[in-house]
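What follows is a short report on a single structure.
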Amino acid sequence: MPSLNEHDLLIALLALAIILVLARAMADIARRLGQPEVLGELFAGFILGPSIFGALVPDAYRTLLLNNASGLLLSGVSWIGAILLLLLAGTEVDLDILRHHLRPGGLAALFAIVPSLLAGAAFAAVALHRVPPNGIFLGIVLSVTAVSVVAKILMEKGEMRRSYAQVIMAAGVASEVVVWLFVAVVSSLHTSSPVLAGLLHAAYAVGFFVLMITVGRPVVFWAMRRVRDRTSILKGQLSLVLVLTFLAAALTQALGLHALLGAFVIGVLLSRSPRSNETLIDGIRSLTLGLFGPVFFALAGMRVDIMKLGSLSAIGLILLLFVVASAVKVACGALGARLGGQRGWEALVVGLGLNLKGGTDVVVAVVGTELGLLTARTYTIYTIVAMLTVLATPSLLRLVSSRVPPTAPEQERLDNEEAARRGYVPSLERVLVPISRELRGSRASQVVHLMADAKHAAGQIFDITELDISRRGQVLQSEPAQAARSSLDQAGSLNTVELTVEKVRAPDIVKRVVEDSENYDLVAIGAEPPARASQFSLGNRQDEIIDGADCDVLVTVSRDVGFDKTAVHHILVPTNGLDYAMAAGDVAGALAAACGATVTILHVVRPPTTESIGEGERRQLIDTAAPVLHDLEFIIGRFNVPIQREVRVGENVADEILAHLREGGCDVLVLGGVDRGKDGRLYLGQTVATVMTGIDLPTLLLVGHERSSGAASGR
């Protein structure tokens, strides 16, 4: 196998270090100036290219950057960067956005893509004297929206979930999908049968998308689950994503559709995949933005050679293309959005967003140069136009978007999305339900089924593992065990729920559950009501599981074997505003949504003294509870269930909760707590112990640990 000799390796490493240092330094300067980092990285490449570094120090330029060995290495790193950039762009795609904003997004894309395609081809023919297919390729480049740049700007502004942002993303994604079909068709025009080749590539593209939706999606989902859940490979998921990306890229490259399309589609699948959490995406983002992406954009900037412009008249061509391309993209994109139902200023924001460059468009321009469909001069002209556009557009976006306040329906949607982000239930993806006589699995399984219903209604992935535990090798066949399995089977029939059944023989039930818990977000068990507050216990095995588990534990405490949702009409959740009380409130909201019940939020305020207080002081104390009640009501509100608020003033919190319960009307109590016990003893605080032993009522107890209480409401 060919390899670099020691001298070539030295030169390649020096070149890579210089490129990376300058690219990141210029990216930092760009950010400080309020510009996207990509602008700084492109400019770093321009500095290192033939226009400046090559002109000032030609010998060093040739030695470092025109060396064949270092050139191959840098080219390989650059193309991996392009593939990973398209993978990241795909992860930013929200398929729900595409569905909900299909009309305005589709019209905005159509009106932005087609006129830009025609304008680019006309400009190439008239101003640059380039004929098809070479001239058409400039139009293809102009038709693309840099989704990654748009997403970054919108996220930095905190407006990614605004309606106009979603329309921009929908239209931008459409342009990124269509562009690779254009590239495949245009690149085939050099063949002896261009029409046949174009139709063949179009068929390949359609076939590839159908294959990825029907076969690729379940394969990716299956692989993501198995690598995360069944292996102990360090960074195994990251390796899996890279393997899937390179395989899909290789497939589209073999089909003549270009490798970047395959990477983009894997990103789209990854955005909805199980186990695809923010940590994984951050790992990919760090790898891409820390090394491969900057090298790609720097090398793209290095292709800019102002010497190829020929004369000062080229400045006029650059300005003309900048004006024509921007005017066509902004005006036509805004018109399409307006026809799709967007308001006036809102439609203009869409047009401005679609005009952003410096992402996939640069990748396409590089591809065009590699294919010989763009000359070095045309590439230079376009890249300068892209940098001018990236420089001007963010400020215009900020100015115009300030005139677009959210409508009432949009604000409601934004509130629901923020509530879900702050909620506890959305963070639950994997739950373990042990089926054993000692752990009262029938109680827990029915509650998990209700949570699955709520997660399914929200379109969220929920994976349940039914752990059938036996001591003598025979699976438990009692009526409660059969009821538990039946309940979980019903939950597993939901299309966003995956049910895995594991039948194991474990002499030590507690040890097995505790060992498995590190791979789960929640362990769900059942228990009999505790007998005494002074020696509070949910059962020896339950206490040991709560104490030893590496995740939260949800305990369904009830004298009844089952948990009948038809009998649940009113749920009480006391809260003090701390993490696990808020998390318990979110669980109560999910159960209420599944049962069609009402939730009462109860907050007890302690008076500052033991002496009696007047009505005015009482009202002031009640008013101090408003923020706590409001926060939990805001989070639960996304379930669209009836919510009641009650504030009590009293010295003993447990007594006030019990007084409310004894007044009647509540069917289920939901409590949150943190286990602060030591040496295997369960200690959830005197309030929890007194309440649970003071009244016989079905209770859901969500227990975390002091070591993780800070992450209760959204790990």
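The numbers here are math on the coordinates, done by the rules we state, and not lab data. The structure displayed is predicted, hence computed values, not measured ones. Cβ atoms come from the backbone with ideal geometry, glycine included; neighbour counts cover every protein chain shown.
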ask   = What order do you get for 318-326, 169-177, 424-432 when each peptide is scored by the mean count of other beta carbon atoms within 10 Å, highest first?
value = 169-177, 424-432, 318-326
query = Which shape class, rounded, prolate or oblate, goes with segment 169-312 when its Cα gyration tensor gives a ≥ b ≥ c as root eigenvalues, a/c under 1.5 marks rounded, and past that a/b bigger than b/c marks prolate?
reply = oblate
request  = Would you indicate which of [x] 109, 56, 51; [y] 101, 53, 51; [z] 91, 65, 48 is the value of Cα extents along the principal axes in Å derived from the coordinates of this structure?
outcome  = [z]
note = The ³J(HN,Hα) series, computed from each phi in segment 573-585 with the Karplus coefficients 6.51, -1.76 and 1.60 at θ = phi - 60°, rounded to the nearest Hz and given as x for glycine or proline, is 10, x, 9, 10, x, 7, 3, 6, 5, 5, 5, 4, x
inquiry  = Could you work out how much longer the chain between ALA17 and ASP59 gets when fully extended? Use 0.36 nm per residue separation minus the Cα distance between them, nm to one decimal.
reply    = 13.3 nm
Most positive-pole-ward Cα, LEU684, LEU702, VAL57, against dipole of the chain from beta carbon charges = VAL57
task = Rank by packing, highest mean first: peptides 532-539, 614-621, with packing defined as the count of other Cβ atoms within 10 Å averaged across residues.
result = 532-539, 614-621
ask   = At q = 0.09, 0.11, 0.13, 0.14 Å⁻¹, what is the log10 ratio I(q)/I(0) for segment 7-405, with the Debye formula run over Cα points and no solvent?
value = -0.51, -0.79, -1.13, -1.31
note = Magnitude of the Cβ-charge dipole (Lys and Arg +1, Asp and Glu -1) of segment 291-387 about the Cα centre, nearest 20 debye, reported as 160
request  = Taking H placed 1.01 Å from N in the peptide plane, check which residues at least 5 places from ASP463 or on another chain put their amide H under 5 Å from its amide H.
outcome  = ARG430, VAL431, GLU498
query = Given a Förster radius of 35 Å and the C-beta distance between GLU370 and LEU414 as r, what FRET efficiency does 1/(1 + (r/R0)^6) yield to the nearest 0.05?
reply = 0.25
task = Note down the relative contact order for segment 7-405 as a percent, whole number, built from C-alpha pairs under 8 angstrom at least six residues apart.
result = 28
message = With the crude spin-label approximation of a point 7 Å out along Cα→Cβ, what separation in nm comes out for ASP623 versus ARG226?
response = 6.3
request  = In debye, nearest 20, what is the charge dipole magnitude of segment 7-405 about its Cα centre with +1 on Lys and Arg Cβ and -1 on Asp and Glu Cβ, if you could check?
outcome  = 760
key: Two-decimal Rg/Rh across segment 9-81, once Rg and the Kirkwood Rh are taken from alpha-carbon atoms   = 1.00
query = In whole angstrom, how far apart do the alpha carbon centroids of segment 214-284 and segment 325-402 sit?
reply = 29
ask   = What is the helix-to-structure angle for 344-354, meaning the angle in degrees between its Cα long axis and the longest Cα principal axis of the chain, kept from 0 to 90 and rounded to the nearest 10?
value = 70
key: Average Cα contact separation per residue, the chain, under 8 Å, 6 or more apart, as relative contact order %   = 13
Crossing angle, helix 626-636 versus the chain [Cα axis fit, 0-90 degrees, rounded to tens] = 70
key: Inter-probe distance in nm under a simple model that places probes 7 Å from Cα toward Cβ, at LEU66 and ALA327   = 4.0
inquiry  = Along each principal axis of its Cα atoms, how long is segment 421-705 end to end? Whole angstroms, biggest number first, please.
reply    = 66, 41, 30
request  = Let me know the Kirkwood hydrodynamic radius for segment 601-666, please, with Cα pairs as the basis and the value in Å to one decimal.
outcome  = 13.1
request  = Specify the angular offset, from 0 to 90 degrees and rounded to the nearest 10, of the alpha carbon long axis of helix 37-48 from the longest principal axis of the alpha carbons in the chain.
outcome  = 30
task = Could you list, in their original order, any pairs among LYS511/LYS678; LYS235/LYS357; LYS357/LYS455; LYS511/LYS565 whose Cα atoms are separated by more than 28 Å?
result = LYS235/LYS357; LYS357/LYS455; LYS511/LYS565
query = With a 10 Å Cβ neighbour count serving as the proxy for reagent exposure, in which order, fewest first, do HIS603, HIS129 appear?
reply = HIS129, HIS603
query = Taking the Cβ-Cβ separation of ILE29 and LEU312 as r and a Förster radius of 30 Å, what is the calculated FRET efficiency to the nearest 0.05?
reply = 0.60
note = For LEU499, LEU356, LEU4, ascending order of other Cβ atoms within 10 Å (fewest first) is LEU4, LEU499, LEU356
